[in-house]
Amino acid sequence: MQKGNIGVTTENIFPVIKKFLYSDHEIFLREMVSNAIDATQKLKTLKEKGDYKDELGDLTVRIALDTDKGTITISDHGIGMTAEEIDKYINQIAFSGVSDFLEKYKDQANNIIGHFGLGFYSSFMVSKKVEIVTKSYREGATAVRWSCDGSPAYEIDDAERAEHGTDVILYIDDDCKEFLDKQKIESLLQKYCKFLPVPIAFGKKQEWSKDESKMVDTDQDNIINNVEPLWTKAPSTLKDEDYKSFYRTLYPMHDEPLFWIHLNVDYPFNLTGILYFPRIKSNLDIQRNKIQLYCNQVFVTDQVEGIVPEFLTLLHGVIDSPDIPLNVSRSYLQSDHEVKKISTYITKKVSDRLKAIFNEDRKAYEEKWDDLKLFINYGILTEQDFYDRAKDFSLFKDTEGKYFTFDEYRTLIESSQKDKDQNLVYLYATNKEDQYSYIKAAQDKGYSVLLFDGQLDVACIQTLEQKFEKSRFTRVDADTVDRLIQKEDDKKPALDAQQADNLSAAFQSQVPKKDKAEFIVEVNALGEEQRPVVITQNEWMRRMKEMSRYQQGMSFYGQMPDSYNLVLNSDHRLVKAVLASLNDQLSAQLQPIESEIKGQEARLAALNQQTSKKKPEEITQEEKDDKANTQKAIDDQKARKEQLISDFASGNDIVHQLIDLALLQNGMLTGEALDRFLKRSVDLIK
């Protein structure tokens, strides 16, 4: 018997391994099975090289669970180890048997899993004791048992084993008993080992026994993996149904994918895989982390940020590459040169595939656009160079359901949608039903309106404005139809300032108070055929609020109330009627008040003029009091005027009806206010 200490630089290596080497304890099973596959692949390589003469036999890796003994055993029929090799590769943590093997058989050893470093020692994350019973493939080799109880001390002794290969027996620690559950182990094998290149057996397949009225074991091994997953095969040998079937294997509860991209490159790096475009229209976060990263068919992670460009984390599928470093920090991945090359390659392959589909069958591409645009918009927002690729296959859809490339749409609207400064104005709506009247008004004017009803459509506007020359985007309800695309300077207002102020005050006094919403009333001559009252919302402010949902540092805008303009059409007969009624009822009372306000304002202006050249300390108390009293007199008269106009408006059904009609048009009339509107409507019909 040989005894000794494992060659480590600290007595505390095992606590470090148990707590910090890996972020998730469950991956011990991946490491153990990977080592078994590694040993098996080495034997196959020796056979191909001619250095192993015997038959390979059954190479199945077997996992056995013994709940009574509290053990998990991982068995392989690979190359095994001699006592000297155990001393070198197990006792000396700094060495790696894989590195030596790759150097010797670098031309044939492409399938060796060699990136897991301290993988064997992950077993101590869940084990209080680990045993290895192994026998080398070398002629005349004898079996050896190695054991360690989680301290640097180990023992090596002779053992009994008929065939070459290795058994690793893990005595599961008391605080990790969940790993002795059969369903738990089977789920981990399904997660990490589902596509390993050597058969993996976990127990026996079961069938229902009528005699025993329960599921019983059969003689057939329960093989949990597919040794030749689809991405390892040549695309020319596969049919559409093969790809769809594999997608159903990966994602049983998902709809059929839109299409897929088969990745297969061996220079300047090794990468295979299949990426699927799923059918999604929203819920970005829910759909993330559906790409599985493998290293030579060993599952590593589904957290692929840094390897796959951010916008492509919305895709589903598999990426397999031995060139992606494993068990390292995300910041390392993001800065690694090889990873960046892989990320660029994947972006190019996706772009080329989208462009090819667009060119080959535009009609089919248009039919998929509503599902596709989320990916493309996300790419335009997050990848600096993606727009240059995407502009050739990105589409606009108008409210009539017609599709246009960016260049096609520019040509369509160039003659009719330029403003007085020669800026091209792209009008858009976000909801055909809610904004129907605004859309129709624009179309009646001869304008085209785009439909931006996708989750990121509006978020992309700022990027498109930067890319398009002399262009801006405006939502169709951002202003009255005549001012959406202003062809000439504003016309002279139809009402004088005093009448416009009185009319505004009447409506402003009756606008309902709404939570997180502000209304500003203004008067405009829109034409006799236009609506009497229109609600608009400033494009810039609304856009900032919408962007605050997606961009950090903009939460300030998200907290601000929605600001709406309630535009009174001074040309409309009903608005004229309100103004005429106001003048009839209030002119006698308002005239002296307005005269008094003008007089007091003139006096205040004169007082300000007298003190404008004085230093603050030179202004007398009498002058200060005079200015304050004059300002109070102005405020009192304005309050009287506002009260008179408010009292008038509160009893005017047309004012209330017009406000409620505008609110109703915009989905803002609910509850008690809607009930009052309905009753008032019936009364007005009488």
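The values are calculated or read from the model by the stated rules, or taken from the named source; none is laboratory data. Everything numeric here is computed off the predicted structure, so don't read it as measured data. Don't worry about glycine lacking a Cβ; one is built from the backbone with ideal geometry, like all the others, and counts go over all protein chains shown. We work out accessible area using only protein heavy atoms, side chains counted, and drop any ligands, DNA or RNA first. Shrake-Rupley method; radii C 1.70, N 1.55, O 1.52, S 1.80 Å.
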Rough spin-label spacing in nm, given labels placed 7 Å along Cα→Cβ, for THR60 and LYS47: 1.6 nm
Theoretical FRET efficiency, 1/(1+(r/R0)^6), r = Cβ-Cβ of ASP626 and SER595, R0 30 Å, to 0.05: 0.90
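So if a site counts as exposed when it's one of the GluC sites (Glu not before Pro), its DSSP state isn't H, G, I, E or B, and it has at most 14 other Cβ atoms within 10 Å, what's the longest stretch of the chain without one?
Details: sites that count: GLU11, GLU55, GLU139, GLU160, GLU163, GLU212, GLU400, GLU414, GLU433, GLU469, GLU488, GLU528, GLU529.
For GluC sites (Glu not before Pro) (loop position, at most 14 other Cβ atoms within 10 Å), the longest site-free span of the chain is 213-399.
How large is Rg over Rh for the range 320-462, taking Rg from the Cα atoms and Rh as the Kirkwood inverse mean of 1/r across Cα pairs?
1.09
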Under the Karplus curve 6.51 cos²θ - 1.76 cosθ + 1.60, θ = phi - 60°, whole-Hz ³J(HN,Hα) for the range 646-654, x wherever Gly or Pro sits: 5, 4, 4, 5, 5, x, 9, 5, 5
Helix axis angle, 182-192 relative to the chain longest principal axis, alpha carbon, degrees: 70 degrees
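Counting heavy atoms of the protein chains only and a 1.4 Å probe, report the per residue accessible area for the range 328-459 as a whole number of Å².
Details: 6250 Å² over 132 residues.
Per residue, the range 328-459 has 47 Å² of solvent-accessible surface.
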Partner aspartates and glutamates for LYS47 [C-alpha distance under 15 Å; skip if fewer than 8 residues away on the same chain]: ASP38, GLU55, ASP58, ASP107, GLU139
Extreme residue, positive dipole direction of the chain, given options PRO199, ALA525, ASN264 (C-beta unit charges): ALA525
Nearby lysines by direct alpha-carbon distance to LYS576 (threshold 28 angstrom, same-chain neighbours under 8 apart not counted): LYS440, LYS445, LYS487, LYS491, LYS492, LYS513, LYS514, LYS598, LYS638, LYS641, LYS679, LYS686
Distance between modelled label sites at SER646 and ASP584, nm, 7 Å Cα→Cβ extension: 2.5 nm
Cα long-axis angle, helix 573-611 against the chain (0 to 90 degrees, to the nearest 10): 90 degrees
Label-point gap, in nm, between GLU672 and GLN498 - each point 7 angstrom along Cα→Cβ: 3.8 nm
5 angstrom amide H check on ARG475, placed H, neighbours 5+ away: TYR428
Given LYS349/LYS391; LYS368/LYS402; LYS177/LYS205, the pairs whose alpha carbons are separated by over 18 Å: LYS177/LYS205
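LYS638 to GLU305: extension gain in nm, 0.36 nm per residue of separation minus the Cα-Cα distance? It would help to have the intermediate numbers written out before the result.
Working: separation 333, 0.36 × 333 = 119.88 nm, distance 6.18 nm.
Value of the extension gain: 113.7 nm.
How much of the accessible area of the range 472-551, probe 1.4 Å, is carbon plus sulfur, in whole percent? Working shown, then result.
Working: 2000 of 4350 Å².
Heavy-atom surface of the range 472-551 belonging to carbon and sulfur, 1.4 Å probe: 46 percent.
With the Cα gyration tensor of the range 555-668 giving a ≥ b ≥ c as the square roots of its eigenvalues, does the rule (a/c under 1.5 for rounded; else a/b larger than b/c for prolate; else oblate) give rounded, prolate or oblate?
It is oblate, given that a/c is not under 1.5 and a/b is not larger than b/c.
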Extension reserve of the ASN423-THR249 stretch, reckoned as 0.36 nm per residue once the Cα distance is removed: 57.5 nm
Per-residue HN-Hα couplings for the range 380-392 [Karplus 6.51, -1.76, 1.60; θ = phi - 60°; Hz; x = Gly/Pro]: 4, 6, 10, 10, 4, 9, 5, 4, 4, 7, 6, 4, 7
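Taking 1 over the mean of 1/r across every pair of different Cα atoms in the chain, what Kirkwood radius in Å do you get?
On the way: mean 1/r = 0.0311 Å⁻¹.
The Cα-based Kirkwood calculation yields 32.2 Å.
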At most 12 other Cβ within 10 Å, DSSP loop - trypsin sites (Lys or Arg not before Pro), the range 501-532: LYS513, LYS516
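Using a 1.4 Å probe and counting only protein heavy atoms, arrange LEU56, LEU314 so the residue with the most accessible area comes first.
Working: LEU56 50, LEU314 0 Å².
The residues order as LEU56, LEU314, largest area first.
Can you give the FRET efficiency for GLU207 and ASP361, using 1/(1 + (r/R0)^6), R0 = 56 Å, r = Cβ-Cβ distance, to the nearest 0.05?
Working: r = 47 Å, r/R0 = 0.84.
For GLU207 and ASP361, the calculated efficiency is 0.75.
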Solvent-accessible area per residue, Å², over the range 591-686 with all protein chains present [probe radius 1.4 Å]: 65 Å²
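If I take R0 = 30 Å and measure r between the Cβ atoms of ILE619 and GLN486 in this structure, what FRET efficiency does the formula 1/(1 + (r/R0)^6) give, to the nearest 0.05?
In this case the efficiency is close to 0.05.
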Proximal aspartates and glutamates to LYS341, defined as alpha-carbon separation beneath 20 angstrom and excluding residues fewer than eight positions away on the same chain: ASP266, ASP302, GLU305, GLU310, ASP320, ASP323, ASP352, GLU383, ASP385, ASP388
Among PHE246, ALA580, PHE404 the positive-end extreme of the charge dipole of the chain (Cβ point charges): ALA580
Unit charges on C-beta of K, R, D, E only; dipole of the range 170-239, Debye: 520 debye
Within the chain: Cβ-based charge dipole about Cα centre, in debye rounded to nearest 20 (Lys, Arg +1; Asp, Glu -1): 1140 debye
With DNA, RNA and ligands ignored, accessible area of ARG145 (1.4 Å probe; Å², nearest 10): 90 Å²
